[in-house]
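Written below as structure tokens is the structure these notes are about.
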Amino acid sequence: MTTQELTGKVAVVTGGANGIGRATAKWLARRGAKVFIGDVNLLDENQQDFADLNISEQRCDVRIEADVQGLIEQAVRESGRLDILVNNAGIGMVKPITEVTEEEWDACMGVNLKGAFFGCKHAIRQMQRNGGGAIVNTASNAGLLPRQHDPVYSISKMGLVGMTKSLGLCHAKDNIRINAVCPGPVCETGMMNADLAQSNDPEAMVRGFINASPLAKANNRMITPEEVAETIGYLVSDAAQFVTGTMIAIDGGKSLGVSQS
């Protein structure tokens, strides 16, 4: 359903060309926000939908401060303000730490953590001028509990959770709310599709993801990008005016503990 609850709001979404970022950009635009997305890989398949929703695109490597600053400044230059930032860009790292190279460590931390730092740094400056705003960081349930198969990824997301709490506390005085969503495995994202493409048995891999989450198993499906976008939408809306420094797990109960097999 399309409403106009965000009319007049200006939003920036990183990693907005696919998966959770794309679903979030569309959710915001359908509710009246002017949306600017940045992504290191812009996709031709988005051009018509983005044009119909008046979503602007810009190439942005979040590891480069000038790219992130430029994306945010473009939004402010064209629209006069910034109300919403979704730090969504992220990459995976499934490898034991003994096999992770320095370059791989830097890439994972650069995208997942430093990119969000750059986004927050430049967005907060703009939001302070507006008298407030909302930032949502896309973390992971790996940021709530460590995971054995991807420790470096978990470290990056735990850092993002810590940043969310710290900045939420620091900038409540500015009426800037900073929260995070912590999804479990989500279907049809760039990260998930890449993992499945490398798997010798993609169907078994998907079944493993589903079986590891109590609600996913009960519903016999994975989480969708649109479901995560709905929660991000809540966190940036007026309905969450007193919510800050909060992590919302969207993982079907995966991070609650060890369920009965």
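The values are calculated or read from the model by the stated rules, or taken from the named source; none is laboratory data. This structure is a prediction, so every number in the text was calculated from the model and none was measured. Don't worry about glycine lacking a Cβ; one is built from the backbone with ideal geometry, like all the others, and counts go over all protein chains shown.
Looking only at the stretch 44-63, residues that are of a type in the set (A, V, I, L, M, F, W, C) and under 22 Å from ALA107 (Cα atoms) come to 2 in all.
Considering only the stretch 221-231, I want to know if a residue exists there that is touching a Gly at 6+ places or on another chain (Cβ under 8 Å) and not in a loop (DSSP other than H, G, I, E, B). Yes; the residues of the stretch 221-231 include at least one that is touching a Gly at 6+ places or on another chain (Cβ under 8 Å) and not in a loop (DSSP other than H, G, I, E, B). When ILE210 is tested against (1) over 14 Å from the mean Cα position of the chain (by Cα); (2) of a type in the set (Val, Ile, Thr); (3) under 30 Å from LYS9 (Cα atoms), only condition (3) is not met.
Among the residues of the stretch 63-103, how many are of a type in the set (Asp, Glu) and assigned to a loop (DSSP other than H, G, I, E, B)?
Initially, the stretch 63-103 is screened for residues of a type in the set (Asp, Glu), giving 65, 67, 73, 78, 83, 99, 102-103.
Filter once more, keeping what is assigned to a loop (DSSP other than H, G, I, E, B): 83.
Summing the residues that are of a type in the set (Asp, Glu) and assigned to a loop (DSSP other than H, G, I, E, B) in the stretch 63-103 gives 1.
Residues in the stretch 14-65 that are touching a Gly at 6+ places or on another chain (Cβ under 6 Å) and on the phi > 0 side of the Ramachandran plot: GLY15, GLY19. Being crowded, with 20+ Cβ neighbours inside 10 Å, of a type in the set (Val, Ile, Thr) and modelled with pLDDT of 95 or more is true of ILE55. When LYS114, LYS121 are screened for being within 19 Å of HIS171 (Cα to Cα), touching a Lys or Arg at 6+ places or on another chain (Cβ under 8 Å) and assigned to a helix (DSSP H, G or I), only LYS114 passes. In this structure, ILE248 qualifies as aliphatic (A, V, I, L, M), part of a strand (DSSP E or B) and touching a residue at least 24 places away in the same chain (Cβ under 8 Å). Can you say whether ASP49 is touching a residue at least 12 places away in the same chain (Cβ under 8 Å), within 30 Å of THR7 (Cβ to Cβ) and surrounded by fewer than 18 Cβ atoms within 10 Å (Cβ to Cβ), as far as the supplied structure shows? In short, yes.
Do you know which residues across the stretch 186-220 are of a type outside the set (D, E, K, R) and assigned to a loop (DSSP other than H, G, I, E, B)?
So the first thing to find is which residues in the stretch 186-220 are of a type outside the set (D, E, K, R), and the list is 186-187, 189-194, 196-200, 202, 204-206, 208-216, 218-220.
Result: CYS187, THR189, SER199, ASN200, ALA212, SER213, ASN220.
Taking the stretch 1-60 and the strands (runs of 3 or more DSSP E) fully enclosed by it, the elements with 3 or more residues that are within 15 Å of ALA75 (Cβ to Cβ) and of a type outside the set (A, V, I, L, M, F, W, C) are at 34-39, 56-59. For the stretch 148-179, which residues satisfy the criterion of being more than 30 Å from THR98 (Cβ to Cβ) and not in a helix (DSSP H, G or I)? Within the stretch 148-179, HIS171, ASN175, ILE176, ARG177, ILE178, ASN179 qualify. Once the stretch 163-217 is narrowed to residues that are closer than 30 Å to ASN41 by Cα and among the hydroxyl-bearing types (Ser, Thr, Tyr), the residue that is surrounded by the most Cβ atoms within 10 Å (Cβ to Cβ) is THR164.
Evaluate the following for LEU160: is it surrounded by fewer than 19 Cβ atoms within 10 Å (Cβ to Cβ) and among the aliphatic types (A, V, I, L, M)? Considered against the rule, which asks whether it is surrounded by fewer than 19 Cβ atoms within 10 Å (Cβ to Cβ) and among the aliphatic types (A, V, I, L, M), LEU160 comes out as no. In the condition set (1) within 14 Å of the chain's Cα centre (by Cα); (2) more than 21 Å from MET158 (Cα to Cα), ASN193 is compliant with all but (1). Being on the phi > 0 side of the Ramachandran plot and small (Gly, Ala, Ser) is a condition met by no residue of the stretch 224-241.
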